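Below: one structure, written as structure tokens.
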Amino acid sequence: MAEVVCKIQHTTAFEGTAKAHLFGLPNKATAPELEFTKDTAELTFGVALDQQSPVGRHKGVGCQVVITQNDEPICQNVGTTELRIDPASAPKPETKAATGEAPRPEQRLSRLERLRLEAEQKAAEAK
């Protein structure tokens, strides 16, 4: 599973809820449609990947927002990004919980932070 985070900047307030969904996802990748209000500052789409999802960089992934005003839908494509799918790695046999270390609190890590964490784990295993 991957995550696509969208920061929302409201230029005009609206009433009720709006819907947002991702477009341009690669083959066999899916993401749910999310609802948000004028008070929402960030959306996080959970992108489900299949084993057959193509590995590599996929440009042109974007978000479409639909706001309904006066019983008419207003559609707007906002923001584009790139989704990178890495090849699946073999599962690691040992976890931090098994080594007795305290688990880190749940938070979204950047790619750089994940790489640093993996490097720390490899260095600890090498000792």
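Quick check on ALA41: is it modelled with pLDDT of 85 or more and surrounded by 11 or more Cβ atoms within 10 Å (Cβ to Cβ)?
Numbers: modelled with pLDDT of 85 or more: yes; surrounded by 11 or more Cβ atoms within 10 Å (Cβ to Cβ): no.
So ALA41 fails the test.
Select from segment 108-127 the residues that are assigned to a loop (DSSP other than H, G, I, E, B) and among the charged types (D, E, K, R) and write down the one among them that is surrounded by the most Cβ atoms within 10 Å (Cβ to Cβ).
Step one: filter segment 108-127 for residues assigned to a loop (DSSP other than H, G, I, E, B), giving 108-110, 127.
Within this subset, residues satisfying the condition of being among the charged types (D, E, K, R) are 108, 127.
Values: ARG108: 8, LYS127: 4.
Among them, the one singled out is ARG108.
Has segment 19-29 got any residue that is more than 24 Å from GLN51 (Cα to Cα), modelled with pLDDT of 90 or more and assigned by TED's automatic domain parsing to the domain that holds SER53? So that I can check it myself, show each step before the final result.
First, the residues of segment 19-29 that are more than 24 Å from GLN51 (Cα to Cα): 19-20.
From what's left, modelled with pLDDT of 90 or more: 19-20.
Applying the additional criterion that residues be assigned by TED's automatic domain parsing to the domain that holds SER53 yields 19-20.
Yes; the residues of segment 19-29 include at least one that is more than 24 Å from GLN51 (Cα to Cα), modelled with pLDDT of 90 or more and assigned by TED's automatic domain parsing to the domain that holds SER53.
Would you check which residues across segment 36-61 are over 12 Å from the mean Cα position of the chain (by Cα), under 21 Å from ARG111 (Cα atoms) and not polar (S, T, N, Q) and list them?
ASP50, PRO54, VAL55, GLY56, ARG57, HIS58, LYS59, GLY60
Where the second residue is part of a loop (DSSP other than H, G, I, E, B) and the first is farther than 21 Å from THR81 by Cα and lies in segment 5-18, which pairs have Cβ atoms under 6 Å and are six or more apart or on separate chains?
ALA13/LYS38; PHE14/LYS38; THR17/THR37
The values are calculated or read from the model by the stated rules, or taken from the named source; none is laboratory data. If you're wondering where the values come from, they're calculated on a predicted model, not measured in any experiment. Every residue, glycine as well, gets a Cβ built from its backbone with ideal geometry; the counts of neighbours run over all protein chains shown.
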